[in-house]
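None of the figures in this text is laboratory data; all of them are computed from the coordinates on show. All values reported here derive from a predicted model rather than from experimental measurement. Virtual Cβ from ideal backbone geometry, glycine too; neighbours counted across all protein chains shown.
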Amino acid sequence: MEPIKYPHLFEPLRIRGTYFRNRIFSAPQGFYNDGPDRIHSEAAVAFYERKALGGFASVCVGDCMVSKDGKNLPWTQDMGDIENLNSLSKIAWAIRRNGAVASAELSHDGMFSIASKMENGSTLYGPTGGEWRYGHVKEMDEEKIFEIVDQFGKAAAFAKRCGFNMITLHGGHGWLIHQFMSHIYNKRTDRWGGSLENRMRFPLAVVDAIRAAVGEDTPIEFRFSGSEIDPSGYDVTEGCRIAEYLDGKVDLIHVSAGIHEIEKTFIVVHPSMFLEDGCNSKYAREIKKHVKQSKVVTVGAFTDPAHMEEFIASGGADIVAVARQTLADPDFPIKARTGRDDEIAGCIRCLQCFHNVGGHRIFRCSLNPEIGQELDVKMMPEQARVKKNVLVAGGGVGGMEAAVTAAKMGHTVTLCEKSDRLGGILNCEHDVPFKKNLKRYLKRQARLLEVYGVDVKLNTEVTPDYVKEFGPDVLIASLGARPFIPPIPGIEKAVPAEYALQNIDEVKGEVAILGAGLVGIELGIWLAQRGQKVKLIEMADHPGVDFTDISFLAYPIYVEELGIDIMLNTKAVGIADGEVTVETADGQSTVKADTVVCAVGQKPLAAEADALALCAPEFYAIGDCIRPENILAATKQAYAIARNIGRI
């Protein structure tokens, strides 16, 4: 028998008699796809059970609000209501029957409980009164303080009754407990404010109430921000002092960072793709030096088991928690333990999961099409009823996903790619430093084609004649798109964005990028990070990326910090050596540009797809050859179509 590749990561742990099978925790995540009664559905059970099936040691149900006046998000789960007993019990036992510890994250959002205020006009309570972003906040008197402390204790007792065998207390990210700990929000002059000892009085009272409620056999995890990462807030030095107050009073100290309600730190609470892997682990490493009794948990942008192993082995933390990674690949622990690292989908931090939670009240994942339909997948057959011969035309994101999924379903699959490599349009981003996990994903998909026996033919274009000779039962066209070239005089002097991304060293001097969409902005950020001066020229009155969308909160911050100039309501009307002529409402002018890059979008290969439509008994066109969108759209559509082949 081969030794376990990551012995520190998979060393079991026992805390207060509770058994943790490894050191990889599924960090708190809420579930929002429920009805108006807020009772968690069978879909929620499947969502959390999927993580336990994948081998995580602990699975935490997030956003368990301890009272109806404590919600920041709609459709979160109020603890303590008897009507929730059945649904929460199902979730807890679904987690536990698959070998994981079921944890409930107890929280109250305090002054940021905007959903409660909007729904029922409830008062916003905080440690300090006054006018804040969401309206008037009433300072909590001692009666209210003790009422909420009591609510935490009752919620913990209810969670244990439901079958949860660990309590996670949310003391970070700007919610109520954190508000008391932070001198940003806590301006009190009584025994609940002022010194750190006084500011810790409320969180420690909550811990005591929970311990009294759950007894000595239930671990308590305390999640907090090791640093607020804000010039006006506390730093890791004070974070270490906070941890010293908690040491021994809680069993696990879960070290995150930042504050939700401050945009510049929100993208650190949930690290963007522009930050390094494990970017917040430095806070856990420092705090662990000051903790003698409690176990320390680190969290934030971990995707690589080798990195996690090294961090634990070097004494940085006892446990690594991951959240978005559980969506990208819920089988992460099993794959890491069995040496299948090359089959792991590492989260690319595109934040489509947050975008869909905010917009549609359900998690989706660009890399994992099962997310958001775990219950459906659980009920689907694992193999197709009728096995077929499937030909996939195009080896981009959609084509690879379709081929892998069809092969998993038992079909005989051939994938043809007209170029000499798989990956399609995403190949142009191979060398972008903040897209390294995208490169890893493409490599993983290529590996799965091999694992599931897909016959891959490179340098092979699928034409009507080719299909006729091949004779498939099913043809899937995933042909992609080509760059759109606008009719601008001198456009031949510009280079397409795809070429610029693949040949970045040829992009010299000052750069003008035509188009302020996602491709243009990301290319501009990369060039600016390399020290180049960048201007983006955009015809519309706003960038093609919605800077207010939670998925893109990092973009305007980097655009500003790097000094990128976005020229809106500006039309390029001519390109000459060293300059671009632009037109605005004020007339024409020139923009200096040593290099001009064209990033104005993609044109679907629709005619090529249409030419194949009548060439096979079953035909499906997917991805960018229908409409250029994003990775999420391509993988979801490819997966759904491939799963249904051979259904009848």
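Testing the spin-label approximation: label points 7 Å from Cα along Cα→Cβ at residue 387 and residue 610. State their distance in nm.
3.8 nm
Note down, for the stretch 317-475, the three equivalent ellipsoid semi-axes (square root of 5 times each alpha carbon gyration tensor eigenvalue), biggest first, whole angstrom.
29, 19, 16
Taking the simple approach of a point 7 Å from Cα along Cα-to-Cβ for both residue 647 and residue 183, what is their distance in nm?
In this crude spin-label approximation the distance works out to 6.1 nm.
From the phi of every residue in the stretch 198-215, what ³J(HN,Hα) in whole Hz does the Karplus formula 6.51 cos²θ - 1.76 cosθ + 1.60 yield, where θ is phi - 60° and glycine or proline is x?
Computed from phi, the couplings for the stretch 198-215 are 6, 5, 8, 4, 5, x, 6, 5, 5, 4, 4, 5, 5, 4, 5, 7, 9, x Hz.
What ranking of 20, 152, 146 emerges when the number of other C-beta atoms within 10 Å of each C-beta is taken as an exposure proxy, fewest first? Before the final figure, lay out the partial values.
Working: 20 22, 152 28, 146 13.
With the sparsest Cβ surroundings first, the list reads 146, 20, 152.
Separation between the residue 212 and residue 360 pseudo-spin-labels, each 7 Å from Cα along Cα→Cβ, expressed in nm?
Placing both labels 7 Å along Cα→Cβ, they lie 4.6 nm apart.
Where both partners of a DSSP beta bridge lie in the stretch 491-600, what percent of those bridges are antiparallel, to the nearest 5? All intermediate terms of the calculation are to be shown ahead of the outcome.
Values: 11 of 24 bridges.
Percentage antiparallel, nearest 5: 45.
Using the Cα atoms as the points, what is the convex hull volume per residue of the stretch 423-560 in Å³?
Value for the stretch 423-560: 179 Å³ per residue.
Would you compute, from DSSP H runs of 4+ residues alone, the mean residue ellipticity of the chain at 222 nm, taking -39500 (n - 2.57) per run and dividing by the full residue count, rounded to the nearest 500? Spell out each step's value before the answer.
Working: 23 runs with 217 residues, N = 648.
Estimated from H runs of four or more residues: -9500 deg cm²/dmol.
Can you give the FRET efficiency for residue 81 and residue 630, using 1/(1 + (r/R0)^6), R0 = 45 Å, r = Cβ-Cβ distance, to the nearest 0.05?
Calculated transfer efficiency: 0.70.
Find the eigenvalues of the gyration tensor of the Cα atoms of the stretch 85-206, then list the square roots of 5 times those eigenvalues as equivalent ellipsoid semi-axes, largest first, in whole angstrom.
Equivalent ellipsoid of the stretch 85-206: 30, 17, 12 Å, largest first.
How large, in Å, is the stretch 13-377 by the Kirkwood hydrodynamic radius built from its alpha-carbon pairs?
Values: mean 1/r = 0.0495 Å⁻¹.
Every distinct Cα pair counted, the radius reaches 20.2 Å.
Percent of alpha carbon pairs in the chain separated by more than 46 Å?
Across the chain, Cα pairs with separations above 46 Å total 23 percent.
Past the 27 Å Cα-Cα mark, which pairs from 443/636; 5/288; 154/249; 288/443?
Values: 443/636 19 Å; 5/288 25 Å; 154/249 19 Å; 288/443 36 Å.
288/443, as the Cα separations exceed 27 Å there.
If the cut-off is 13 Å between C-alpha atoms, which aspartates and glutamates fall inside it for residue 571, apart from same-chain ones fewer than 8 positions away?
538, 541, 583, 586
What is the fewest-to-most order of 234, 134 by other Cβ atoms lying within 10 Å of their Cβ?
134, 234
Please enumerate, by chain and number, the aspartates and glutamates with C-alpha under 16 Å from the C-alpha of residue 508, excluding those fewer than 8 residues away in the same chain.
Straight-line reach from residue 508, under 16 Å: 498, 577, 579, 594.
Report the Cα centroid-to-centroid distance between the stretch 326-357 and the stretch 520-544 in angstrom, as an integer.
So the separation of the two Cα centres works out to 30 Å.
Between the stretch 280-295 and the stretch 24-76, how many Å separate their Cα centres?
Between the Cα centre of the stretch 280-295 and that of the stretch 24-76, the gap is 27 Å.
Straight-line reach from residue 117: which lysines have Cα under 20 Å away, leaving out those fewer than 8 places along the same chain?
68, 71, 138, 144
Would you order 513, 525 from fewest to most other beta-carbon atoms within 10 Å of each residue's own beta-carbon?
So the ranking, lowest neighbour count to highest, is 525, 513.
Whole-Hz Karplus ³J(HN,Hα) for the stretch 626-641, in order, using 6.51 cos²θ - 1.76 cosθ + 1.60 and θ = phi - 60°, x for Gly and Pro?
9, 7, x, 9, 10, 4, 4, 4, 5, 5, 4, 5, 4, 5, 4, 5
If you build the convex hull over the alpha carbons only and average its shadow over all orientations, what do you get for the stretch 506-572? Give it in nm² to one decimal.
Spelled out: convex hull of the Cα atoms, projected over all directions, averaged, 4.2 nm².
State, as an integer percentage, the relative contact order of the chain based on alpha-carbon contacts under 8 Å between residues 6 or more apart.
Averaging sequence separation for qualifying contacts and normalising by length gives 11 percent for the chain.
Calculate how many DSSP beta bridges within the chain are antiparallel, expressed in % of all such bridges and rounded to the nearest 5.
25 percent
Order these peptides, 395-401, 467-473, by their mean beta-carbon neighbour count within 10 angstrom, highest first. Provide the component values of the computation, followed by the final result.
On the way: 395-401: 29.6, 467-473: 14.9.
Result, highest mean first: 395-401, 467-473.
Give me P(r) over the stretch 155-296, computed from all C-alpha to C-alpha distances, binned every 10 Å, as integer percentages.
Spelled out per bin, shortest first, that is 12, 41, 34, 12, 0.
Looking at the stretch 13-377, what % of its DSSP beta bridges pair antiparallel, to the nearest 5?
Counting DSSP beta bridges with both partners in the stretch 13-377, the antiparallel share is about 15 percent.
For the ranges 411-420, 488-497, 178-187, 293-302, what's the packing order if you count other beta-carbon atoms within 10 Å of each residue, average per peptide, and put the highest first?
Peptide ranking by packing, descending: 293-302, 178-187, 411-420, 488-497.
Return the sequence-ordered ³J(HN,Hα) values of the stretch 439-455 in whole Hz as given by the Karplus equation 6.51 cos²θ - 1.76 cosθ + 1.60 applied to θ = phi - 60°, using x for Gly and Pro.
4, 5, 5, 4, 5, 5, 4, 4, 5, 5, 4, 5, 4, 9, x, 6, 7
Output the peptides 350-363, 215-228 sorted from most to least packed, where packing is the average of other Cβ atoms within 10 Å over each peptide's residues.
On the way: 350-363: 19.2, 215-228: 22.6.
Packing order, densest peptide first, comes out as 215-228, 350-363.
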